[in-house]
Every structure is written in C-alpha cells, then in structure tokens.
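Contents: one structure, followed by commentary.
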Amino acid sequence: MTTPALLRGALLAACFFAASAFAQTSTELATVVVTGEQPGPGLWKVTSGDHVLWILGTLSPLPKDMHWQSKEVEAAIASADAVLEAPRVKVDADVGFFGKLALMPTLIGVRDNPDHRTLQQVVPPELYQRWIALKTKYFGAGRGRNIETWRPIFAAIELWNEAIKRAGLTREDVSDVVDRAVKARGIATIKPTYKVDVPDPRALVKEFKQSAMDDIDCFSKTLDRIDGDIGTMAVRANAWATGDVAKLRTLPDSDQRQACIDAVTGTKIAKERGVTDLPDRLRAAWVDAAAATLAKNRITFGRLPITDLIAPDGYLAALQAKGFRVEAPDEVLDSPIE
C-alpha cells in the first residue's frame, strides 16, 4: 500500500465507508440472499443532444455468491469513447521511496485513541454496553480484544465488516467486471479528483494521532445499522441483483456514512486542509467531468454508487439542474446492446 493510501486511510477512511462496505449465511435473517446468475441493475442514461452517458449504479454490500449478467454493461463499454469513474480524493504526499520507509513506523497505532484511552473510557456507558453485546455476537468472546484501544470510528468499521460478512454479503461490488472490460478495450479513463496536499506527512500523522475526533455519532449509527438494518441490507442487495430499481427507491437506507464523514471532516486537521465540505467538492468534480465528457464524447460509460443516483439531491439531480436529460433504467426505451 502506498504512503498516500495509508494517509488517506488514516484521514479519510470514513469518507469511503462505503465507499468507501458479508463467510456463512446467518440463519437469523428473514430475507434469503439471492445466489446464482442474476440480471443486475439496468443502466441510467444521461443525454446531451446525440451524446450519451450510460451509468451503472453500484451497490455494497452485495450477495457473496451472486453472479450477474453483464452483457449490457460490456456492450456500453465496448461502444464507449471514455469511461467516467466515481470521484475520489487524492492525498498528494511526494515523499519518494525512502520517505515511505521512514514514514512507516509513524503509522503504527494510527487507529488508536489518543493517550492510550480505551473505548470504555471514551464511549457513553449505555452505548458501550451495546458495543460489547454486538462485538461478542459477531467476533465471539476471544476476538476483537485489540479493538478496545481503537478510536470509535475504526472500531465501528471493523465490526461492520464482520457483521455483513456473517450475513452472507460482501463489500465487494462489480468493479472487477467493469475493470476487465475497460482494460480489454484500452479506453481512456476520466478520474474526477479532489486533491489534498500534504507537504509534511510525518507531521500530519503525528498530529492525527493526538487530535480529537467527534466520532461518537458515527459509532452509534453504525451500531444502529448493524442491530436493525442487516435484514434491509439483504433486501436492498436482492433488489439490486434482480434489477428492481423501483424497489430500491422504496427501501429506507439508514446509511451511517454521513455521520462518519462528518467525524473526519470536522477534525482540526481536515478543516486546515480544506476538506470540510468534501462530499460537495467530490460531487462538483464529478458533475463537471460528466458535463465535459458529454460535450466531447459521443458515448461515455460511468459508474457511481446507486445511492448517489437515486437520491433527490444526488449527482444526477445536479446534472438535471444543468439541463441534461436523465432517464432511470425503468424509463430507458433503448439499450447499449445493438
């Protein structure tokens, strides 16, 4: 893992909770997770004149043993002049190979609470009891002991990963299918990026280790979702796998990402580096890139988390506000497949 990636993990992990997020199926789930070959979602269509942007809505978590029919996606990529990726944060820390080696020791313990405090010391008592119950349920009595020294946000991420794993779901999405098709064609890739400059990575890591983080809300909402939303996640994954966009729109999404993003962007070091409104900056970067590729290229293929596509104030709503025509999969009359 590169130094910028390590720094991004320390500073911006919550921003990709997700997206940044299941090995045996849990018998307590009322919903059976689909397996085998499934159609997957249709493609959103954005048009400007005779130029088209086809967008795949990705979802995580998904059924672990699901295989999806990717003919429509592969056809869209085969005809595309460019591929538009989801926006990302780039941590610019040009330290070189020996700088990376020198930095590695400072990253030890980067997930820990400042001053070696434990979760029991930083989390309210009632919330901590909920944590212990869920940690015992998913990790067992003998696992997860080292997590007790972690910051609440990182402890929550670890428990979340284990919970979805045990529910028969996986945080992996369909990126491998897309990546193979793009690589086979050698298509130009557009990567909307918001860059964060880090002139002194060692000092930044040291400051992060000692800085406070208001991540209790992120911790609490993650426990809420583990405790009450696993079943809905399975229903949502099934709806994605079977291409039921109408169902996806009706399902409540108690996504904890915003609370976790706020925990990161609310820190002093984040404010000093201009990432307090990170989601807005990422959306703006993507919308600008989408408008540019629609103006330049006849066909573009893109992918975004499906929550960003169906949200009333999401990425596609921003494109509609700029005058582009947007059609959901259940509204599209044609297809990339000739």
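Rule-based calculations on the coordinates, nothing more; no lab input. Predicted model, so just to flag it, every value in this text is computed and none were measured. Cβ: placed from backbone, ideal geometry, glycine included. Neighbour counts: every protein chain shown.
Explain nothing, just the number: dipole magnitude of the range 137-260 about its Cα centre with +1 on each Lys and Arg Cβ and -1 on each Asp and Glu Cβ, in debye rounded to the nearest 20.
The dipole magnitude comes to about 400 debye.
Could you tell me which GluC sites (Glu not before Pro) in the range 257-332 are loop residues by DSSP with no more than 16 other beta carbons within 10 angstrom of their beta carbon?
Hits after loop and neighbour filter: 331.
Would you mind getting me the FRET efficiency between residue 320 and residue 188? Use the beta-carbon distance for r and R0 = 25 Å, nearest 0.05.
Taking R0 as 25 Å, the efficiency between residue 320 and residue 188 is 0.45.
Find the eigenvalues of the gyration tensor of the Cα atoms of the range 244-331, then list the square roots of 5 times those eigenvalues as equivalent ellipsoid semi-axes, largest first, in whole angstrom.
Ellipsoid semi-axes (Å, largest first): 27, 20, 9.
Quick one: which residues, 5 or more positions from residue 151 or on another chain, have an amide H under 5 Å from its amide H? H modelled 1.01 Å from N in the peptide plane, none for Pro or chain starts.
Answer set, sorted by chain and number: 112, 113.
Give 90/247; 64/135; 191/322; 206/271; 183/322; 90/206 a once-over and call out the pairs whose C-alpha atoms are over 24 Å from each other.
In this structure, 90/247; 183/322 exceed 24 Å between Cα atoms.
What list of ³J(HN,Hα) couplings, whole Hz, do you get for the range 258-269 from phi and the Karplus terms 6.51, -1.76, 1.60, once you set θ to phi - 60° and write x for glycine and proline?
4, 4, 6, 4, 4, 4, 6, 6, x, 6, 4, 5
Work out, step by step, the length gained on full extension between residue 313 and residue 211: first 0.36 nm times the residue separation, then minus their alpha carbon distance; give nm to one decimal.
Between residue 313 and residue 211, full extension yields 33.5 nm more.
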